[in-house]
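A short write-up of the structure that comes next.
Since every read-out is calculated from the coordinates, none of them should be taken as a lab result. Because the structure is predicted, anything quoted here is derived from the model rather than measured. A quick note on method: Cβ atoms are made from the backbone with ideal geometry, for glycine too, and the neighbour counts reach across all protein chains shown.
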Amino acid sequence: MSTAPDTSKSKADPKVDAKAKKTTDAKPAKDAKAAKPAAATAADAAKPVAKKPAAKKAVVKKSKAASANGTPKLSAHAESRLAQILIAPIVSEKATMAAEKHNQVLFKVMRDATKPEIKAAVELMFKVTVDSVQTVQHKGKTKRFGKGTGRRDHVKKAYVCLAAGQELNFSGEGA
């Protein structure tokens, strides 16, 4: 018996043939795929590009019915939301200076409140006309308390600019 490999086989290995067939078949397919995007881009260049619709912001919905003084009447759901938006007025030296210089009032508001909601809430609660609203996101400080560390709450503040001649009375006298 001889240990030399048998070279007398005339048939090739079927596994090797299948692999060779796959590689030769794959090359034309890749070329065809590469040609398609080039043709598609030329066709796409002639078409106008469709823009994605902008995300809609939450806006306070007002009903069409008007109240006695001519302002639109808010739905019950909107009124309950607006009643929660204003958390507290901020009375500080900086807030007093803003009130004197720019006829602005400073409020602590909910963190998810939008400017139109803040404006509607102030007009609803205090029966005044609001010109503009500027907001500030104040990040809470990280502080140490004994051995542990903690963080103060994040706060959103709203600078509400009132119309000329308007003012808010927080004392509750003569409203």
> Which entries in the list Lys101/Lys156; Lys94/Lys127; Lys108/Lys147; Lys115/Lys147; Lys119/Lys139 go over 29 Å, if you measure between the two C-alpha atoms of each?
Replying inline: Lys108/Lys147; Lys115/Lys147
> Highest mean first, what order results for 111-118, 161-168, 142-149 on Cβ atoms within 10 Å?
Replying inline: 111-118, 161-168, 142-149
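Please quote Rg/Rh for the stretch 62-162 to two decimal places, taking the Kirkwood radius as Rh and restricting both calculations to Cα atoms. It would help to have the intermediate numbers written out before the result.
On the way: Rg = 16.5 Å, Rh = 15.2 Å.
Dividing the radius of gyration by the Kirkwood radius yields 1.09.
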